[in-house]
Amino acid sequence: MQPVDSLDAVARDDWDRVANPPGSEYDPFLSWDFLQALEQSGCVGNTTGWLPRHLLARNAAGRLRGAVPLYVKSHSMGEYVFDHAWADAYERAGGRYFPKLVTAVPFSPVTGRRILAGSEDLRRALVEATCDIARRWGVSGWHINFPAPDTLSEIASLGLLPRVDRQYVWRNPGYANYDGFLADLSSRKRKALRKERAAARAGITIEHLSGDQLRPEHWDVFFACYQETGSRKWGYPYLNRAFFDLLHQRMSDRVLLVMAKKDGRYIAAALNLIGSDALYGRYWGKLEDHPFLHFELCYHQAIDAAIERKLGRVEAGAQGEHKLARGYTPTEVHSAHFILDHGFRDAVAQYLDQEGAAVRADILAQAGESPYRKDRPA
């Protein structure tokens, strides 16, 4: 097992072979192109609080067999698994919460593979090796954000504490078009969404751009929109223009940019990435205010695109109860936490038991508020 400080130490094809193995669902966020672009652009690195230390497992011949995307973190920003209260409590008690280790896709609350190995034995060895690194490096712990549910039990069996949260996901049972989706809603909700979409698109044209359709001027508009949203929500955006240039150069066929135009001028944009069975909504922004335009570009147009591309779901990112009324259903997402201090670990474990019960109860309650017809086929 060997930690490396950059994906430049790994051949692109070698990384992609373990990150997106043949026969698995393709995850654009785990690709070498995406993760290395974060490093090359400087969005992660020495000055950002995201220090790459990816763990690699090679066989005797030097062939890459498995990996763990791993970062040393000096803060908790850009993770979307919120442990700020943990950090505050631990430090008030005299501990040092930072640095910590995090396995995640930076700035992307997307569920996927996190321990990148084909066999259970190798995944177990990678988890144990990362726990040992946490002990040797003197960090407070190791946190795995948004692991795929089918590996969560493996991870938890090795002593990591499971945590549950929720996101809102739209699922496609095979609709032919948006009207087919609307037919599954109650009459009142169906009328409300038609009215909302008509209002959002009044005087506005909408374009879907991908691959060779994308031009620098489209990215100029999108980046201005992205900065506008970042300045309102977080004080600064996490990603720079160099990252989006690399995304265009390397992954334009995996990008869907939904853009709104009024009077011949682009006024808003939403960026999605395309997996083999999912559309991932990532960033949105606007240069003008228009009623319901956020809902149209980020949620309704994403549904349109998923139906057209025959994708099984739309993952629209973290938080947002407003997604429920637009056909996105509450869905469990997870994280797992290795905490070295036993007393602190016990306190966090007790908290997670209570939090998990509350989250699951809330998911159940929200499912009862679903806009879908009660008599639609399961």
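The values are calculated or read from the model by the stated rules, or taken from the named source; none is laboratory data. Computed from a prediction, not measured in an experiment: that's the story for all the values here. Glycine gets a Cβ as well: all are built from the backbone with ideal geometry, and neighbour counts include every protein chain shown. Calculation scope for accessible area: heavy atoms of the full protein, side chains included, ligands and nucleic acids excluded. Shrake-Rupley method; radii C 1.70, N 1.55, O 1.52, S 1.80 Å.
A few points about this structure:
- Among the residues of segment 18-44, those identified as surrounded by 19 or more Cβ atoms within 10 Å (Cβ to Cβ), in a loop (DSSP other than H, G, I, E, B) and either free of Cβ contacts under 8 Å to residues at least 40 places away in the same chain or touching a helix residue (DSSP H, G or I) at 6+ places or on another chain (Cβ under 7 Å) (or both) are ASN20, SER31, CYS43, VAL44.
- ARG166 being charged (D, E, K, R) and within 23 Å of TRP284 (Cα to Cα): yes
- Remark: pairs (first residue in segment 1-12, in contact (Cβ under 8 Å) with a residue 24 or more places away in the chain; second residue of a type in the set (A, V, I, L, M, F, W, C) and part of a loop (DSSP other than H, G, I, E, B); Cβ separation under 8 Å; 6+ apart in sequence or on different chains) = PRO3/LEU70; VAL4/VAL10.
- Only one of the listed residues (ILE155, ILE144, ILE115) is modelled with pLDDT under 95, within 27 Å of GLY275 (Cα to Cα), of a type in the set (A, V, I, L, M) and open to solvent by less than 30 Å² (accessible area, probe 1.4 Å). That residue is ILE155.
- When THR47 is tested against (1) of a type in the set (Val, Ile, Thr); (2) closer than 28 Å to PRO237 by Cβ; (3) at pLDDT 95 or above; (4) not in a strand (DSSP E or B), exactly one condition is not met: (3).
- Remark: pairs (first residue in segment 311-337, part of a loop (DSSP other than H, G, I, E, B); second residue at pLDDT 95 or above and open to solvent by 20 Å² or more (accessible area, probe 1.4 Å); Cβ separation under 6 Å; 6+ apart in sequence or on different chains) = LEU311/ASP277; GLY312/ASN172; GLY312/ASP277.
- Segment 175-189, residues that are open to solvent by less than 60 Å² (accessible area, probe 1.4 Å) and more than 29 Å from the chain's Cα centre (by Cα): ALA183, SER186, SER187
Residue-by-condition table, conditions (1) under 27 Å from LEU271 (Cβ atoms); (2) β-branched (Val, Ile, Thr); (3) surrounded by fewer than 16 Cβ atoms within 10 Å (Cβ to Cβ):
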| site | (1), (2), (3) |
| --- | --- |
| GLY66 | no, no, no |
| GLU79 | yes, no, no |
| HIS84 | yes, no, yes |
| GLY94 | no, no, yes |
| SER108 | yes, no, no |
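- Residue list for segment 320-352, filter: under 20 Å from GLU128 (Cβ atoms), of a type outside the set (A, V, I, L, M, F, W, C) and open to solvent by less than 20 Å² (accessible area, probe 1.4 Å): SER335, HIS337
- Residues of segment 194-215 classified as at negative phi, in contact (Cβ under 8 Å) with a residue 24 or more places away in the chain and either touching a Pro at 6+ places or on another chain (Cβ under 8 Å) or exposed (fewer than 13 other Cβ atoms within 10 Å of the Cβ) (or both), total: 4
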